[in-house]
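Take a look at the structure set out below.
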Amino acid sequence: MLEVQNLTKDYENKPLLKGVSFEVANGELVCLLGSSGSGKSTILRIIAGLEEPESGAVLWQGRDLRDVPTHKRGFGLMFQDYALFPHKSVAQNIAFGLQMQGLNEEEISGRVKEALESIRMQSFADRPVTELSGGEQQRVALARALAPSPRLLMLDEPLGALDHTLRTQLIQELRAILHQSQIPVIYVTHDREEAFGLADRLVILHDGVILQEGSPEELFEQPATAWVAEFLGLGNLVAGVVTQAEPLMIKTGFTELTLPNLPIEYNPGQECRLLLRPEDVLIGAQHSARENQFECIVRDSLFMGEYHQLELLCGETTLLARSQTPAEIGSKLVVSWPAEKIRVFPGL
Ligand code: ADP
Ligand code: MG
């Protein structure tokens with residue numbers, strides 16, 4: 001449906017977007033995830049036609065939108081500060097875009113009713129929006145964006161202004177509403193929890209390019225770079241130097257690790273980063289693990305509900321590990337990471 005091809009954009013002679021390409025299929029919910037300032041909002045403004053790229057194209061069903069003005073693109077855009085009209089009621093807010101489309105009164109009231117049902121706020125129609133909670137206002141803003149039936153809906157950090165508890169609660173609700181609408185969605189956020197909770201597909205923007213895209217599961221299992229692994233909070237990232245190519249051995253600040261043979265070739269002396277996931281740790285020497293076993297000191301042991309999070313001091317490196325049992329702070333602990341569970345990324 002939507003194709004974004006090789007967009008570039010400079011601000012003040014500094015490249016912000018260096019060739020951004022991705023697609024959104026029919027009915028798909030794509031999360032565009034990137035740090036603050038990475039150019040996410042700029043991409044949405046270019047897709048909406050509010051801003052022009054230096055080069056590259058935006059296509060809808062194969063057609064280049066270069067000469068199509070914003071209001072003819074049929075795309076909906078909801079910003080973080082989704083400012084509802086304070087002096088209008090819920091229904092009047094939702095009706096606004098429909099009036100702009102020139103629909104008649106009957107059509108408008110039908111669509112407003114549908115929109116209110118989709119956010120399960122039928123009984124709120126006549127309430128002034130100033131009397132709503134933050135979460136309710138957010139849902140009304142979403143209904144307002146959905147009511148004109150855009151061909152594509154773009155949401156720019158819509159939950160950014162809400163507190164964490166409310167956000168967590170709204171993510172599932174939002175996912176249900178958006179899927180039910182069957183409208184393709186680009187959802188922009190810098191929050192990985194939000195992105196993982198919502199997306200059919202994740203697109204990761206960093207340093208002006210798309211570093212990786214895939215389902216939440218794919219990204220979780222196979223982060224393409226150390227940056228992605230770190231950004232997604234997948235675990236401990238440790239610097240190392242290759243000491244032997246076959247079998248692959250990598251020396252870190254606290255131990256020398258053995259790794260499975262990998263498709264990429266590594267050479268002695270090469271610097272790399274390793275991902276040691278907290279959930280992959282084996283605790284205690286009783287696992288008869290011969291390889292990748294080392295001693296550390298328990299710095300902290302925190303009950304997380306489903307597990308205990310251990311903070312381990314290994315040499316001068318701090319590693320997080322998950323344990324089914326608590327550990328005594330200050331005690332020594334032998335841990336190991338199975339070779340086949342460790343991921344290696346070339347470079348530092
Ligand atoms: P994000 O939405 O990922 O936080 P933005 O797309 O808003 O990032 O902007 C990225 C950077 O581009 C900003 O930090 C700013 O420096 C620059 N920028 C964005 N819009 C403009 C503009 N209209 N004029 C000058 N610089 C801009
Ligand atoms: Mg932004």
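A few points about this structure:
- Residues that are within 28 Å of the chain's Cα centre (by Cα) and loosely packed, with under 13 Cβ neighbours inside 10 Å were ranked within the range 55-104; the one that is farthest from V185 (Cα to Cα) is S55.
- Leading residue by the ranking (nearest to G208 (Cα to Cα)) among those in the range 39-54 that are more than 16 Å from ligand 2 (Cβ to nearest atom) and open to solvent by 50 Å² or more (accessible area, probe 1.4 Å): E54
- Residue in the range 47-69 that is within 15 Å of ligand 1 (Cβ to nearest atom) and assigned to a helix (DSSP H, G or I) present: yes
- For the range 74-128, the tally of residues that are touching a strand residue (DSSP E or B) at 6+ places or on another chain (Cβ under 7 Å), more than 16 Å from ligand 1 (Cβ to nearest atom) and not in a loop (DSSP other than H, G, I, E, B) stands at 4.
- Scoring I210 on the criteria (1) away from ligand 2 (no atom under 16 Å from the Cβ); (2) touching a residue at least 60 places away in the same chain (Cβ under 8 Å); (3) not in a strand (DSSP E or B) leaves a single failure, condition (3).
- Subset of the range 197-236 [open to solvent by 10 Å² or more (accessible area, probe 1.4 Å) and at positive phi]: D207, G233, G235
- Residues of the range 190-201 that turn out to be within 15 Å of ligand 1 (Cβ to nearest atom) and not in a helix (DSSP H, G or I), as a count: 2
- Residue check, E194 within 16 Å of ligand 2 (Cβ to nearest atom), on the phi > 0 side of the Ramachandran plot and under 18 Å from the mean Cα position of the chain (by Cα): no
- For the range 9-23, residues that are within 13 Å of ligand 1 (Cβ to nearest atom) and under 13 Å from G208 (Cα atoms) total 9.
- Selection status of A239, modelled with pLDDT of 95 or more, surrounded by 14 or more Cβ atoms within 10 Å (Cβ to Cβ) and not in a strand (DSSP E or B): no
- If you filter the range 22-38 down to residues that are part of a loop (DSSP other than H, G, I, E, B) and within 16 Å of ligand 2 (Cβ to nearest atom), you find that the one that is surrounded by the most Cβ atoms within 10 Å (Cβ to Cβ) is G34.
The values are calculated or read from the model by the stated rules, or taken from the named source; none is laboratory data. Keep in mind that what you see is a predicted model, and the values were worked out from it rather than measured. Virtual Cβ from ideal backbone geometry, glycine too; neighbours counted across all protein chains shown. Please note that ligands, DNA and RNA were not included when accessible areas were found on the heavy atoms of the full protein model with its side chains. Shrake-Rupley method; radii C 1.70, N 1.55, O 1.52, S 1.80 Å.
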